[in-house]
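Below is one structure, written out as structure tokens; the observations come after it.
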Amino acid sequence: MPINKNETKALVDRFGRTVDYIRLSVTDRCDFRCVYCMGEDMTFLPHKEVLSLEEIEQVASAFVDLGVKKIRLTGGEPLVRREVIKLIRAIGALDAELAITTNGSQLVQMAPELKAAGVDRLNISIDSLNPERFKEMTRTGRLSQVMAGIDAAVAVGFSRIKLNAVIMKGRNDDEVLDLVEYARASGVDVSFIEEMPLGHISEHDRAEAYCSSDEVREIIEQRYSLYPTTERTSGPSRYYRMDKTESRVGFISPHSHNFCSECNRVRVTVEGRLLLCLGNEHSVDLREILRRYPDDIERLQQVIIKAMDLKPEKHEFDLDDEPQIVRFMNMTGG
């Protein structure tokens, strides 16, 4: 049935939640191998199974026409995809806020171009400020390269920059205050994330490494008072203010403070799976529609609208069991 052009278009699931935020993965490849994200020896998707840049643009356009107000490009590491700046320019021209999640490795070269292409916000992953530990946690990353990238992004002047840190006991929980200080000195926000159990990684015990948002907050409050704020950015972070800084502290707490009741997000993986929930396998194959019916945006939109009925009420993460979700985070979209 065609979409009535006179109707206000919106994506609403069975539980009355409006979906107005989409996270699009542009690649499963990454120049880092972070220990909580993927195994050390990864096999990546063959080129034919990956959505083309043009197909990703079609998906983005279809979602914006259905009322999506925010698009986040993810990976893997989105900025390592060849000619990705063409896609970023195209999506940047749509009527939606454009954000990118990156490991920061490409920002020294690309930050000015990203700003000019229409990127509003950056999330930059940085889990340690110790060069040796950073190398251990990322397996291949160089801290100096990422910090230079953060400096370059700050200099360009994005509307907001946020650092993301996954905190793990015995790995980097002793750096919480250092990361807060670094965010304050750089004039950016910082969010602390509870690890999500996606994919089996034999050398990493998630239950042993789990560090709750409440524990992280207690560490911060040894030095700074945190004041709750109602500020939101469409994502799952719950923000707090501190004295004498514009930098905010956020917490993403999929285990300890489940945020499913307010979920306004869906994801599209790099192979075109529309994932209705990060922690479940409910999905629809958009690649099949895109390739069987090229340029039929109306058909694509109808598939997307119908898929909202598959969005589950909540995820069920259990750190003590084998992960229910066997795909790695680089496959899902960070």
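Throughout, read-outs are computed from the coordinates displayed, never taken from laboratory work. Just so we're clear, the structure is a prediction, and the values are computed from it rather than from any experiment. Cβ: placed from backbone, ideal geometry, glycine included. Neighbour counts: every protein chain shown.
Here are some notes:
- Ellipsoid equivalent to region 225-274 - semi-axes via the Cα gyration tensor, in Å: 28, 13, 9
- Euclidean distance of C-alpha centroids, region 266-300 and region 86-150, integer Å: 26
- Sequence-separation-based contact order of the chain, relative, with Cα cut under 8 Å and 6+ spacing, percent: 22
- Angle in degrees between helix 143-156 and the longest Cα principal axis of the chain, rounded to the nearest 10: 60
- Solitary cysteines of the chain, where the nearest other Cys Cβ is not under 4.7 Å: CYS30, CYS211, CYS260, CYS263, CYS277
- Mean shadow area of the chain over all directions, Cα convex hull, nm²: 16.3
- Sorting VAL26, VAL50 from the fewest to the most surrounding beta carbons within 10 angstrom yields VAL50, VAL26.
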